[in-house]
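The values are calculated or read from the model by the stated rules, or taken from the named source; none is laboratory data. Bear in mind that the values here come from a model prediction, so they are computed numbers and not experimental data. As a convention, Cβ positions derive from the backbone with ideal geometry for all residues, glycine included, and neighbour counts pool all protein chains shown. The accessibility values were calculated without ligands, DNA or RNA, using every heavy atom of the protein model including side chains. Shrake-Rupley method; radii C 1.70, N 1.55, O 1.52, S 1.80 Å.
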Amino acid sequence: MLPSGRGLMMRKFLESMQEQKDEANPVPPERPVGRGRAMLLSQTTEIEEGVKEIAIARPSGRGRSLGLQAPSVAPVRRTMDPSEVPPGPSRGGSVEVARPVGRGRSALFAAFIAQNQQENASPGKSPPKESRAEFVRKSPSPKMSIPYTSSYEPEPGPVIRKGTHGQMQDVVANYIKLKVTQGKGVFEYTVEFSPAEDNISMRTRMINQHLEALGGVKSYNGVRLFLSIQLNGVTSFKCTHPVSESLVTMTLHCKGPGKEKDCADIYNMLFRRIMAHLGLKNMGRKFFDPSGAINITQHRLEVWPGYVTAVQQYEGGVQLCCDASHRVMRTDSVLKVISILAEANPRNYREEAMKVALGAVVLTRYNNCVYRVDDISWDRTPESTFTNSDGREISFQEYYRVNYQIEIKDKDQPLLISRVKRRKDPSNKENEVRMICLIPELCYITGLTDAMRADWRIMKDLTQKLQLTPSQRYERLSKFLENINNNKQSQELLKKWGLQVEALPVKLVARVVKQESILYKDGKVDLPPGTSNWVVNNQLLVSKDIQNWAILHIAQDTKVAQDFESNMRKMCSQMGMKVYPGRLVKVSENRNESFLDALRSTIAPQLQLVVIFFPSLRSDRYAAIKKVCCIERPITSQVIQSRTLSRPEKARSIIKKIAMQINCKLGGALWGLAIPFEKLMVCGMDVYHGPAQKHVSVMGFVATSDPQQTTWYSRVGFGGTNQELADNLRVCMGGALKKYLEASGFYPDRIIMFRDGVGDGQLKMTQEFEVPQLLQSFGDLGLSYKPKLTVVVCQKRIMTRIFSVQGNLGCNPRLQNPLPGTVLDHTVTRHDWYDFFLVSQCSNRGTVSPTHYVVVHDDGDIKPDHVQRLTYKMTHLYYNWTGTISIPAPAQYAHRLAQLVGQHLHKDPSSSLSDKLYFL
Amino acid sequence: MNDNFVICPYDRNHIIDKMKLPYHLVKCEKNYPNIILEKCPYNYTHRFPAEEMPDHILSCSARPEEFELESIQKKEVKPEFEHSVHTINPQESSLVSNSNEISKNGFNHQKCIRPPVPCPRVLSVCGLKVNVQY
């Protein structure tokens, strides 16, 4: 391109100036573009060794010319003695090369002034220009024996907190070590261009011109460049500007080996590309294999096997975590689904089709994209037209023929409409909403409908395919590794980064902690190893007598209610509860109002408990009744679906469970454990997020109020939409401490909090936003009160799987689910956190998934062993299940509480219930 | 602009999405070490200078019902303009709802009323009696 207009004149003027200035070094002829370009070119010649430019803010446009006229703002250049200056650019921190960028006349003018200033500052000095060789590597000077610049800091070591207690157990985890071949790796560089280039894509294209010399692969985000090879010191390259074709000098400064975190990012991208080479389709974060689809023809379903992978920095270095996953697809297109509906009900099939389609997530197989259906447009057909990206009117039929080579068969089908929200401009928070039309013939509904989920036959067939035993899962994993190592393209990709994927997952040694003993009022029961469930045959630890209670039922449930009343009296005496005859109250009609009227007239001050029989499960009635029993007239309530007691052979065991639940709701305790600390308080916290339209999140908080950990205090807090972080913990903790003092006569000196529902990205915020609130609440009790606080985050939905190895660790080991109580706290745990994995529950089908615990705050002197064992103990104390559960009981109680309030109550429950487990 | 935006108590130029407020406060607290704001005992995102906190506690929307404020003698108050900008309750002052409360120069007049003589008072914070010092 040729310059034109005033820019050309100005450029010529500048060139003539330059020729006068450095006659010894003629400027190579260059071709500028436009006005601003001329200015940029004038700067080309100014890259000199030994000349520093102090970083300044970069004004642009007219303002810039003004700024430059003031000498204080103008780029100050001073000549330094060459011996003082290291050959690389000094990275002292404050000094940074910033080239003025301007546009238009003012920029030119500014450049002109700046040049004159330089001439004054360094008269007659014209340092030698670099030779015009394509590839110049400067020889490192003796001072540069370390090729890295001063800002290079070695990475901090991993946080290792290991326990020692328990029996050793060989396990395999689904992590794969990534080995780097000698002389390769990830090296970080900064890149400078002169003249400066602002456009990232231009910069990338110029780097690509030398990709061969840079090792063949790169990762560049516009600021930092990562290469697989190490170039010592400073390296310069001559590039051709992709648009102006002018000469640009690119200088690379090696900052040292890339941090492990950066490596993980690069490897993650690398594995995404490998997945594509292996023929896997990307859906969200997972990759699925359409060719391996398993058909379940009787239900017209398809299961796509897939993988989910993540490369992360762990204690044992950068590793690949990989798990097998599935996705359920319907094999019928949306068109077929609609036509089936139309056949069955030709009159108002449209209404039914809307019910099915609205909110459904559909997959379009031509591009494997997923969309949410928001509407059906019945008045449009594939022959309707739309304006495409070129601004041309085109029919859908033609569009699919041209772009995807798909011929739409049914010309009369309606179109599906999907609203796609996209943030157009990052500064503008309002999302741009676009309507996208989809062809039903080409769309396939993904996932299961509620009707399918309720159908046990479908679910049975599906779980057979979806649940993988440990050895099946291990097989899938090894096959994936085999595929990577056998695929030529992926091997090439890996080789470029010098990466080797090991053929087998890591083998580790985990520990199985000692089994607990369950304490009852009349003795203790030792749990045999390997079991996680037990049967309550003893007297309950703290039993509550039921003296005054009522049963509400409708006429048809009279017999069930009578049987329940008599059975309760019989069975509760075995468990140590005294139950007096209850009053049966007949509800006149099977209507919500009748139930509420009967309930209100029954609740009296002396009444302890009200049991309500529901003929069928209705959430609106449940919510109405719970609102009365938890807010309006606080009382312990138990809702029972009459159908559950309809089978007499099962009724006994169910009534026993209900009796235990009632005992808890009245403030009793079923069993206990030996607690090693004297004045301990355990807290749990979870947040319930309602559906998106409701705009409310409910935080549930529970805490024990006695050292035996049998009584529970609870509170709720309300937050905005999807607000995960609690802001009223000070009130909650203050209330819990007050309750503890009331119940036990002293404050706890050790507090352990289990926090559920925190993702990886929010760990830091839990530490910096929630923990200070807890610490403040201690301060409210006086400066001298400083209990030791430990905050543990529980994460249930994780990719990690652990398989225990039976027999020897051969190439084909026999794998099983690890025993409850298995702890893994090294190698595959996080690099920056004090964390561990614990398997507490027992799973008979499929693979058990361990729970990840991260200790985000710990100012106690508790050993990792103690935290791990206490966590395991806490999984025994959930009174709605006679066994261990996958998360500690406090977190599960908090979850139940938040769920009850978020789904049904929507309001603060009465504080008179706060010391009971009314939410079970 | 709608109700989802609040003003950062550390820098009134920061207009923050309500959902992101906790993240922002953690950041701003670090970036403005010379601005020391008290945190409301009922909501950690309510932040005010120490002298305004008692007044905020009286009017805090997040105060649970059971925490009645005890033994507070309301002294005669003298209106005084506080030339501080860190007086905006981030939770309650969305730009729209507060437009009548904040005058043109951005100072919040209503919130700046404080008793003339500083004296310690006993407040019930979190249900516990706490001495609040001016």
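Structural remarks
- Out of A:A891, A:A898, sole residue that is open to solvent by less than 10 Å² (accessible area, probe 1.4 Å), at pLDDT 95 or above and among the aliphatic types (A, V, I, L, M): A:A891
- Test for A:A324: is it at pLDDT 85 or above and assigned to a helix (DSSP H, G or I): no
- Qualifying residue in region A:661-675 (condition: modelled with pLDDT of 90 or more, touching a Pro at 6+ places or on another chain (Cβ under 6 Å), farther than 22 Å from B:M19 by Cα and not polar (S, T, N, Q)): no
- Candidate set: region A:735-780, residues that are part of a loop (DSSP other than H, G, I, E, B) and more than 19 Å from the chain's Cα centre (by Cα); chosen: the one nearest to A:N722 (Cα to Cα): A:D780
- Selection over region A:861-920 of residues that are touching an Asp or Glu at 6+ places or on another chain (Cβ under 7 Å) and under 18 Å from A:S705 (Cβ atoms) gives a count of 4.
- Residue match in region A:901-915 (condition: of a type in the set (G, A, S), in contact (Cβ under 8 Å) with a residue 60 or more places away in the chain and not in a loop (DSSP other than H, G, I, E, B)): yes
- Those residues of region A:530-546 which are in contact with a Pro (Cβ under 9 Å, 6 or more places away or on another chain) and either open to solvent by 30 Å² or more (accessible area, probe 1.4 Å) or among the basic types (K, R) (or both), in sequence order: A:T531
- Complete set of residues in region A:449-474 that are open to solvent by less than 80 Å² (accessible area, probe 1.4 Å), more than 28 Å from A:I802 (Cα to Cα) and of a type in the set (D, E, K, R): A:D455
- Only one of B:I15, B:I7, B:I36 that is among the β-branched types (V, I, T), open to solvent by 70 Å² or more (accessible area, probe 1.4 Å) and within 20 Å of A:G720 (Cα to Cα): B:I15
- Residues of region B:17-37 satisfying the condition of being within 11 Å of chain A (Cβ to nearest Cβ) and aliphatic (A, V, I, L, M): B:M19, B:L21, B:L25, B:V26
- Search result, residues across region A:743-762 that are open to solvent by less than 30 Å² (accessible area, probe 1.4 Å) and either of a type in the set (D, E) or within 11 Å of chain B (Cβ to nearest Cβ) (or both): A:D756
- The residues of region A:591-607 that are surrounded by fewer than 18 Cβ atoms within 10 Å (Cβ to Cβ) and of a type outside the set (V, I, T), listed by number, are A:R591, A:N592, A:E593, A:S594, A:L596, A:D597, A:R600, A:S601, A:A604, A:P605, A:Q606, A:L607.
- Total residues in region A:763-809, condition open to solvent by 10 Å² or more (accessible area, probe 1.4 Å) and at the interface with chain B (Cβ under 10 Å from one of its Cβ atoms): 10
- Looking across region A:291-308, the residues that are in contact (Cβ under 8 Å) with a residue 40 or more places away in the chain and either open to solvent by 20 Å² or more (accessible area, probe 1.4 Å) or in contact with a Phe, Trp or Tyr (Cβ under 8 Å, 6 or more places away or on another chain) (or both) come down to A:I294, A:Q298, A:H299, A:P305, A:Y307, A:V308.
- Residues located in region A:869-920, provided they are under 19 Å from A:A669 (Cα atoms) and within 14 Å of another protein chain (Cβ to nearest Cβ): A:S912, A:L913, A:S914, A:D915
- A single member of B:M53, B:M1 is at pLDDT below 85 and more than 22 Å from A:D908 (Cβ to Cβ), and it is B:M1.
- Residues that are among the aliphatic types (A, V, I, L, M), more than 9 Å from chain B (Cβ to nearest Cβ) and touching a residue at least 40 places away in the same chain (Cβ under 8 Å), drawn from region A:715-742: A:V716, A:A736
- One residue stands out in region A:214-231 among those that are farther than 13 Å from A:T190 by Cα and out of contact with any strand residue (DSSP E or B) (no Cβ under 6 Å at 6 or more places or on another chain): the one that is most open to solvent (accessible area, probe 1.4 Å), namely A:I229.
- Flag if A:L541 is in contact with a Lys or Arg (Cβ under 8 Å, 6 or more places away or on another chain) and not polar (S, T, N, Q): yes
- Matching residues in region A:167-185 - criterion: being modelled with pLDDT of 90 or more and assigned to a loop (DSSP other than H, G, I, E, B): A:N174
- Candidates in region A:693-714 are the residues that are open to solvent by 30 Å² or more (accessible area, probe 1.4 Å) and not polar (S, T, N, Q); of these, the one that is farthest from the other protein chains (Cβ to nearest Cβ) is A:K694.
- Filter pass, A:F837 being farther than 22 Å from A:V308 by Cβ, open to solvent by less than 10 Å² (accessible area, probe 1.4 Å), out of contact with any Lys or Arg (no Cβ under 9 Å at 6 or more places or on another chain) and of a type outside the set (V, I, T): no
- On inspection, A:I675 fails the criterion of being more than 14 Å from chain B (Cβ to nearest Cβ), in a strand (DSSP E or B) and either more than 24 Å from the chain's Cα centre (by Cα) or among the basic types (K, R) (or both).
- Single residue of A:L552, A:L499 found to be among the aliphatic types (A, V, I, L, M) and either free of Cβ contacts under 8 Å to residues at least 12 places away in the same chain or over 25 Å from A:A604 (Cβ atoms) (or both): A:L499
- Test: residue in region A:814-825 that is of a type in the set (A, V, I, L, M, F, W, C), free of Cβ contacts under 8 Å to residues at least 12 places away in the same chain and open to solvent by 10 Å² or more (accessible area, probe 1.4 Å): no
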